[in-house]
1. Mind checking whether some residue in region 45-63 is more than 29 Å from residue 127 (Cα to Cα), more than 13 Å from the chain's Cα centre (by Cα) and surrounded by 12 or more Cβ atoms within 10 Å (Cβ to Cβ)?
2. Every residue in region 143-185 that is out of contact with any Cys (no Cβ under 8 Å at 6 or more places or on another chain) and of a type in the set (S, T, N, Q), please.
3. Which of the strands (runs of 3 or more DSSP E) contained wholly in region 68-185 include at least 2 residues that are crowded, with 19+ Cβ neighbours inside 10 Å and either touching a residue at least 60 places away in the same chain (Cβ under 8 Å) or not aliphatic (A, V, I, L, M) (or both)?
4. Kindly indicate the residue of region 1-44 that is touching a residue at least 12 places away in the same chain (Cβ under 8 Å) and charged (D, E, K, R) and also surrounded by the fewest Cβ atoms within 10 Å (Cβ to Cβ) among those meeting that condition.
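Every read-out reported here was derived from the displayed coordinates using simple, explicitly stated rules and does not represent laboratory data. Just so it is clear, the structure is predicted and the values come from calculations on it, not from any experiment. So basically every Cβ, Gly included, is an ideal-geometry build from the backbone, and we count neighbours across all protein chains shown.
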Amino acid sequence: MNFDGLYCEYQEAARSLDLDETEGVILASIQRQEMFLMVKGKSVKQWVMSSSKRPPSCFQDSLGTPWGLHEVNEKIGDGEPLGMVFEGRKAIGQIYEDCDPAKKAKNLITTRILRLRGLQAGLNSGAGMDSFERYIYVHGTNHENKLGKPSSSGCLQLSNLDVLELYELVCDGTHLWIENQGLTN
């Protein structure tokens, strides 16, 4: 599936919810481990990403990447340096390279956070399956060598430079479509 197929899926979902398309639209392919930014129907950027190492899932505590239509609900990290580590959505004042070995071994949330809110009630919004309550993000990672294959705990991860670039290109309310090809809860 290329970005055109993802874009068509997004458009169908937005129409079914009676939502207008946002100026920029982020498309994420779990199957290909790629993310695209579309502007006015044209792909303008493409990045390698990582989704969950567990099977995709919209359920609470599954640690799977949820699918469907989301929006960027909150942007976190303005002005922080590349590689800044976040815990509880707060910068800890340390970049990942300066962390102790035990912390560096973990999959850290770094550089920027785009917090997501699911827009499809009963799929990625609502009791037991709410992407916002699950703290699903697009964020940077200290394990950039794992990008391109599933390696997260449910979030979508990008390199630190790529998440910084995406962060600057989108605004609150930007739609994000995570493919649902062949996926079921």
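1. Filtering region 45-63 down to residues more than 29 Å from residue 127 (Cα to Cα) leaves 45-48.
Subsequent filtering for residues that are more than 13 Å from the chain's Cα centre (by Cα) retains 45-46.
This time we only want the ones that are surrounded by 12 or more Cβ atoms within 10 Å (Cβ to Cβ), so: 45-46.
Scanning region 45-63 turns up at least one residue that is more than 29 Å from residue 127 (Cα to Cα), more than 13 Å from the chain's Cα centre (by Cα) and surrounded by 12 or more Cβ atoms within 10 Å (Cβ to Cβ).
2. Of region 143-185, the ones out of contact with any Cys (no Cβ under 8 Å at 6 or more places or on another chain) are 143-184.
The answer is 145, 151, 152, 153, 157, 159, 160, 174, 180, 181, 184.
3. Values: elements: 68-76, 84-87, 90-95, 109-118, 137-140, 156-158, 175-178.
So the answer is 68-76, 109-118, 137-140, 156-158, 175-178.
4. Selected residue: 40.
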